[in-house]
Amino acid sequence: MKSDNVKLLKKMDLSLMGVKDLPEDSPMCDIDKAVFCSKLKSLFSKYDIDNLFSFLDRIDKCKKNELFRKNCSASSFCLVDNIENIFFQLLLGGIKDDTPLFKYTNAASIIYVSKNEQCMTSIVGMNDATECMYADTYLREIGYDTYLDDSIFTLLGSKAFITSFSTKEDDLTMWRLYGDDAKGIAYEYKVENNNLLKDFYLAPVSYANEDGYHKELNLIADMGEMIIDDCKFEFKNLFIWKYFFKPKEYKVEDEVRLLYFEFNPQKKAKWVETGTGLIAPIKVFSIEDKSDDYEKKVTDLYPLALHQIWLGPRMPEIEANKESINQLLKESLEWKPIKISAIHNYRERKK
């Protein structure tokens, strides 16, 4: 890490980028809660985001001296972490337990899975790295300034790891886009234990409308203009949640993202060539904790449960591969059902 980058991170305001913790001189503060809620109610109505009104109820239950923190050096204030994260979850929409999430990928990934491993890739290694800059670019264009530059993008990219899913089951478009032109595999995951998500961020992706207008980001920008008691409101964790916004062109994917920020690495990340021409770190998690010894329990456990595996409609020798994968997984993971895609009209398989 370059010393210049460290200094820049320390100097940044909290609007879009920032560090995990507020400055040491950031106490709890008594911002007028009634005024804050009134301003929010007006903005929520302006952008017609109904599910955010329950956020006002949540704020109303908090004591005002437990709700806000003040950045004295910047004459600004923000919500405490857990309340701000609730705001973003409501803004994006949550994921209910047992919702199937499908990760479409290539067939070679089964080797990792057979070793009880699921990888998350650094954001800099994504298929289209410009996705990571979308929210910054949009907000900058509507006047909500940012600090992001390429060096900081790379710096934070080495700490942020992401996995993308779709809510679409056995979908031809998803097979073609991400499942090796339908020759690959889709892993069906579900949320079974919300406690495992405490170090992760899981939410549906928010898309711009057909005209390119993104009301959720416009709301964020307007909230960033609120001034109460001579203090300007700031988002402390937008540098995390900004990865859940995408342009209209991606809406067909119905994407759900799982994001992991590693601020205090327990072990070194692995580095790989991502297939996009980039060398980037990956974070490897265990899919199942198979240890009976409490002291040897897995600390890096994937927060989603693997339920079954789908084979793409164009997978070569699909029946033979199904049996081979069955045998492979019996030697490693607890047995998972393996299903063959029901799609038969895409270069139909010979029977």
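Side notes on the structure shown:
- Applying the condition of being modelled with pLDDT of 90 or more and part of a helix (DSSP H, G or I) to the stretch 52-80 and asking which residue is surrounded by the most Cβ atoms within 10 Å (Cβ to Cβ) yields Phe55.
- Selection count where residues are among the hydrophobic types (A, V, I, L, M, F, W, C), farther than 20 Å from Val284 by Cα and outside any loop (DSSP other than H, G, I, E, B), scope the stretch 164-202: 4
- Leading residue by the ranking (nearest to Met174 (Cα to Cα)) among those in the stretch 117-130 that are surrounded by fewer than 20 Cβ atoms within 10 Å (Cβ to Cβ) and touching a residue at least 60 places away in the same chain (Cβ under 8 Å): Asn127
- For first residues located in the stretch 186-198 and touching a residue at least 60 places away in the same chain (Cβ under 8 Å) and over 15 Å from Asp300 (Cβ atoms), partners that are among the small types (Gly, Ala, Ser) and outside any helix (DSSP H, G or I) and lie 6+ apart or on another chain with Cβ distances below 7 Å form the pairs Ala186/Gly179; Tyr189/Ala305; Lys190/Ala305; Glu192/Ala305.
- Restricting attention to the stretch 216-239, the residues that are assigned to a helix (DSSP H, G or I) and not acidic (Asp, Glu) total 8.
- Test: residue in the stretch 247-254 that is surrounded by 15 or more Cβ atoms within 10 Å (Cβ to Cβ), acidic (Asp, Glu), out of contact with any His (no Cβ under 8 Å at 6 or more places or on another chain) and closer than 24 Å to Cys78 by Cα: no
- Applying the set (1) farther than 21 Å from Met133 by Cβ; (2) at pLDDT below 90; (3) out of contact with any helix residue (DSSP H, G or I) (no Cβ under 9 Å at 6 or more places or on another chain) to Val272 leaves exactly one unmet item: (3).
- Subset of the stretch 38-59 (residues that are free of Cβ contacts under 8 Å to residues at least 24 places away in the same chain and under 25 Å from Tyr201 (Cβ atoms)): Asp50, Phe53, Leu56, Asp57
- Residue ID - nearest to Gln118 (Cα to Cα), chosen from residues in the stretch 303-335 that are without any contact (Cβ under 8 Å) to a residue 24 or more places away in the chain and touching a strand residue (DSSP E or B) at 6+ places or on another chain (Cβ under 7 Å): Asn326
- Residue match in the stretch 69-87 (condition: among the polar types (S, T, N, Q), more than 21 Å from Lys236 (Cβ to Cβ) and touching a strand residue (DSSP E or B) at 6+ places or on another chain (Cβ under 7 Å)): no
The values are calculated or read from the model by the stated rules, or taken from the named source; none is laboratory data. Owing to the predicted nature of the structure, the values given are computational and were not obtained by experimental measurement. Cβ: placed from backbone, ideal geometry, glycine included. Neighbour counts: every protein chain shown.
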